[in-house]
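**Student:** Please find one structure pasted underneath; my questions will follow.
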Amino acid sequence: MVHWCIGVIVSRYPGANAPLPESTKVRIPNPLRIFAAKPEMCFMSRSIFYPVFLLSFLLPALSAAQQPDFQRGPGSRSSTSSSSRGGEQSEIELDTFEIFYFFAENPNQEIPFSDSTLGNYFQQYDPVRKRDLDYRHLGNLGSAHQPIVFEAAWRRGFDVGLHQYDLYMTPGSEMPYFRIERPYSNVSYTQGSEQADGYTTAQFSRNFANGLNYALDYKRITQLGTQGQYPNQNNRNTAFTNGMWYESRNGRYDGFFSFAANTIQQEDNGGIQREPITSGQFSSPSSADVFLETARTRHAHREFMYTHYYRFGGGQDSIRGPRRSYTIAHQAVFNNSTYKYYDEYDAAQDSSFYNAFPGLLPDPRGTRLFFKHRKLENSLRLATFKLDSRNQERAKNQRDLLEVGAIHSLHRIEETGADSTLNNLFLTGKYRFNPNERLRINLYGHFGLWDNAGDYRAEGNLFFDFKKVGSLSLGAINQLYSPTLMEHRLYLSGQQAYRNDFDKTLSTTLSGTYSLPAFQLEITGRYHLLNNYIYFDTLGLAQQTGIPISIAQLIIKKGFKVGRFHLDNIVALQQATEDFIRLPSIYSKHSLYYGGKWFKVLDVRLGADLRFNNSFYAPYYNPVTGQFQLQDGREVEFYPATDVFFSMRVTKFRAFFKWENATAAILSGQLFYQTAYYAHPSSVFRLGLRWRFLN
């Protein structure tokens, strides 16, 4: 049995000498000491290690959370006085200050942070499922993914074309900054069937003196199983992004500096060649035979980004409210990325798995793909906006926005025998009009010059709120974009595997959504039209079809509630006119659960999540190209995948217990596939914890 030893000595926390109101004092030892008096007392079982560790880490934070905070940072506001709340200043009142977050792209459009329910797919820890419409992946957390319900690509200029790990990364543009009054932390940990099967996330933000705020966003997926996973399927994904926000004393200058380090490390087994032997309801995925035993993928992205604004005008008018503001913004981004795929030499394997690439000769050093991509980007934007005069004490909301700009990107690709340099220059524009809560208009566009001349995107969204009779949202996207690097060429082991000269793809999307909250009903219709669509065929080679492809989609969301029992449903229907895009014609998600409050303080949900799609020839993931390609060898069958869960919340602490793929205990001998040849593991239990701190 594995044993653990823990010894923690926590010194006096900052501000411990500051006086506390009588109603907020707590009896916590200070300093807090947890230690073993004898060596033999230092061993404890794995089952109690995590609670002891959490308590030793959290108790000082909880005690410090009750201290008054006199630090001021960017956008901070003075705390509500005790007199304004009837003289009460309890721990709950102190912790109810509002939290707003935003992105460096537009610091004047904020989003309120909400943490009041067990909703928002709390028990769905996996990024591919923490959304209305799931993505498919290879069966294990952190693996390559692709949307199940078709989505139009978002493109602007040169693109490498490797997006199979996007949901696990946090670039600087997606780094959230927080407007807060006191330090904010939000941490979570999810433990799977094995000790090395975990997912850790953390967010932190703190104000400092002189108008500084620091923010951190961390995600770490570790899947290092030995029995619960199929052979050669381990992975470790790390996303670490942190940034500083500076706001001048007069509020006219804002600067945001961020550093992002995203690393993807994957073992690639190429799928299951022979399924594991099943004995009753018990089976070991590790006994399966896979196509590749030594293949590896590593993507590393390092990014520095600085965005700064200078604002003219603005302020408040005593009669008319907020005045119009004018800003000039500049953003500089440097990104250094490396892409690597490697597999050891195996004569039999190389002749069978890699023979799809014409003219590719076996290399005794192994099969390898390696190239670097460096990008230096500068953008300049001019904007004018007016803040909404409503709810001035809440999140910032722009009543209108007009922005024009230009973005120049210098791309350098270093690849064996194929080094190249590209320049992109795009003119951009945005328009936002939100005169009241019942009408919103959003427009966006860009047009390319230089090496991607002619590429463009025009996008618009119109929202109407009809109050009691619901709301209507209409959207349209039209874009023309160039092929990606992976669609254009591929070099393996220094040899050219393929090279193409494709035309640009023209994509059009029309959508409409009608929502009726009173009946928990939302209906969405989408229509996609693709011309010169590029896909990867059954051999893994990029191809382009001159036949127009249209995709029709109908998505229905409907909720039911009887007493404390809920049934949430999402059904997506879709149909493509050509076989170059293979999609399930139906994808359905259902969640049946009991939701209530126990002991007056414990919010709970107990129920089951069900998801399924009809049988179809799902794409196959090729780790060499990093693409999902067509295949005709295996049909993914109907499988009602069910997860049983229990989730709970006490103030700012949440937890869930989950029995994943419980269906496997009933359908013995049948495996769950979403991607051809890549099966999901059998039933496993998972524990998840999330705790928000205010210190």
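The values are calculated or read from the model by the stated rules, or taken from the named source; none is laboratory data. Quick caveat, the model's predicted, so the values are computed rather than measured. We place every Cβ from the backbone using ideal geometry, glycine too, and count neighbours over all the protein chains shown.
**Student:** Among the residues of segment 139-157, which ones are at pLDDT below 95, crowded, with 21+ Cβ neighbours inside 10 Å and hydrophobic (A, V, I, L, M, F, W, C)?
**Tutor:** Hit for segment 139-157 is Leu141, nothing else.
**Student:** Val160 versus (1) without any contact (Cβ under 8 Å) to a residue 40 or more places away in the chain; (2) in contact with a helix residue (DSSP H, G or I) (Cβ under 6 Å, 6 or more places away or on another chain): which is the lone unmet condition?
**Tutor:** With (1) without any contact (Cβ under 8 Å) to a residue 40 or more places away in the chain; (2) in contact with a helix residue (DSSP H, G or I) (Cβ under 6 Å, 6 or more places away or on another chain) applied to Val160, the lone miss is (1).
**Student:** In segment 245-280, what residues are touching a residue at least 40 places away in the same chain (Cβ under 8 Å), of a type in the set (Asp, Glu) and either outside any loop (DSSP other than H, G, I, E, B) or closer than 15 Å to Tyr214 by Cβ (or both)?
**Tutor:** Scanning segment 245-280 gives Glu247, Asp254, Asp268.
**Student:** Provide a single number: the residues in segment 198-216 that are surrounded by 22 or more Cβ atoms within 10 Å (Cβ to Cβ) and within 23 Å of the chain's Cα centre (by Cα).
**Tutor:** Here the count works out to 3.
Each row is one residue, and each column tells you yes or no for (1) closer than 18 Å to Leu133 by Cα; (2) of a type outside the set (A, V, I, L, M, F, W, C); (3) touching a Ser or Thr at 6+ places or on another chain (Cβ under 9 Å); (4) part of a strand (DSSP E or B).
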| site | (1), (2), (3), (4) |
| --- | --- |
| Asn478 | no, yes, yes, yes |
| Thr513 | yes, yes, yes, yes |
| Thr538 | no, yes, no, no |
| Ile570 | yes, no, yes, yes |
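**Student:** Next question. Checking Asp317 against (1) charged (D, E, K, R); (2) within 30 Å of Ser389 (Cα to Cα); (3) crowded, with 17+ Cβ neighbours inside 10 Å, which single condition isn't satisfied?
**Tutor:** For Asp317, the failing item is (3).
**Student:** Identify the residue in segment 158-192 that is acidic (Asp, Glu), in contact with a strand residue (DSSP E or B) (Cβ under 9 Å, 6 or more places away or on another chain) and surrounded by fewer than 21 Cβ atoms within 10 Å (Cβ to Cβ) and, among all such residues, is nearest to Arg690 (Cα to Cα).
**Tutor:** Glu174
**Student:** Can you confirm whether Thr428 is part of a strand (DSSP E or B), out of contact with any Gly (no Cβ under 8 Å at 6 or more places or on another chain), of a type in the set (Val, Ile, Thr) and under 21 Å from Phe103 (Cα atoms)?
**Tutor:** Against the criterion (part of a strand (DSSP E or B), out of contact with any Gly (no Cβ under 8 Å at 6 or more places or on another chain), of a type in the set (Val, Ile, Thr) and under 21 Å from Phe103 (Cα atoms)), Thr428 does not qualify.
**Student:** So Glu437 passes all but one of these: (1) surrounded by 14 or more Cβ atoms within 10 Å (Cβ to Cβ); (2) acidic (Asp, Glu); (3) closer than 30 Å to Arg311 by Cβ. Which condition number does it fail?
**Tutor:** Going through (1) surrounded by 14 or more Cβ atoms within 10 Å (Cβ to Cβ); (2) acidic (Asp, Glu); (3) closer than 30 Å to Arg311 by Cβ one by one, Glu437 breaks only (1).
**Student:** Just the residues that are in a strand (DSSP E or B) and more than 11 Å from Trp245 (Cβ to Cβ), please, taken from segment 207-218.
**Tutor:** Leu216, Asp217, Tyr218
**Student:** Now for a different question. Search segment 215-239 for residues that are not assigned by TED's automatic domain parsing to the domain that holds Phe672 and pair each with any residue that is of a type outside the set (Phe, Trp, Tyr) and buried (at least 22 other Cβ atoms within 10 Å of the Cβ) when their beta-carbon atoms are under 9 Å apart and the residues are at least 6 apart or on different chains.
**Tutor:** Sorted first by the residue in segment 215-239, then by its partner, the list stays empty.
**Student:** I'd like to know if segment 341-352 contains one or more residues that are assigned to a loop (DSSP other than H, G, I, E, B), modelled with pLDDT under 90, touching a strand residue (DSSP E or B) at 6+ places or on another chain (Cβ under 7 Å) and surrounded by 13 or more Cβ atoms within 10 Å (Cβ to Cβ).
**Tutor:** No, because not a single residue in segment 341-352 is assigned to a loop (DSSP other than H, G, I, E, B), modelled with pLDDT under 90, touching a strand residue (DSSP E or B) at 6+ places or on another chain (Cβ under 7 Å) and surrounded by 13 or more Cβ atoms within 10 Å (Cβ to Cβ).
**Student:** If only one of Arg249, Arg220 is surrounded by fewer than 17 Cβ atoms within 10 Å (Cβ to Cβ) and over 16 Å from Pro107 (Cα atoms), which one is it?
**Tutor:** Just one listed residue meets the conditions, Arg249.
**Student:** Further question on the same structure: Just to be sure I understand the filter: pairs with C-beta atoms under 7 Å, separated by 6 or more residues or on different chains, first member in segment 139-156 and in the same structural domain as Leu573 (by TED's automatic domain parsing) and on the phi > 0 side of the Ramachandran plot, second member buried (at least 18 other Cβ atoms within 10 Å of the Cβ) and of a type in the set (Val, Ile, Thr). Which pairs pass?
**Tutor:** Pairs that qualify, where the first residue is in the same structural domain as Leu573 (by TED's automatic domain parsing) and on the phi > 0 side of the Ramachandran plot and the partner is buried (at least 18 other Cβ atoms within 10 Å of the Cβ) and of a type in the set (Val, Ile, Thr), are Gly142/Ile221.
**Student:** Based on what the data block shows, is Ile221 assigned to a strand (DSSP E or B), of a type outside the set (Gly, Ala, Ser) and in contact with a Gly (Cβ under 7 Å, 6 or more places away or on another chain)?
**Tutor:** Yes; evaluated as a whole, the condition is true for this residue.
**Student:** Just for segment 443-488: of the residues that are among the polar types (S, T, N, Q) and touching a residue at least 24 places away in the same chain (Cβ under 8 Å), which one is nearest to Val160 (Cα to Cα)?
**Tutor:** Thr484
**Student:** Same structure again: Right, Asn452: buried (at least 19 other Cβ atoms within 10 Å of the Cβ), polar (S, T, N, Q) and at pLDDT below 95 or not?
**Tutor:** It is true that Asn452 is buried (at least 19 other Cβ atoms within 10 Å of the Cβ), polar (S, T, N, Q) and at pLDDT below 95.
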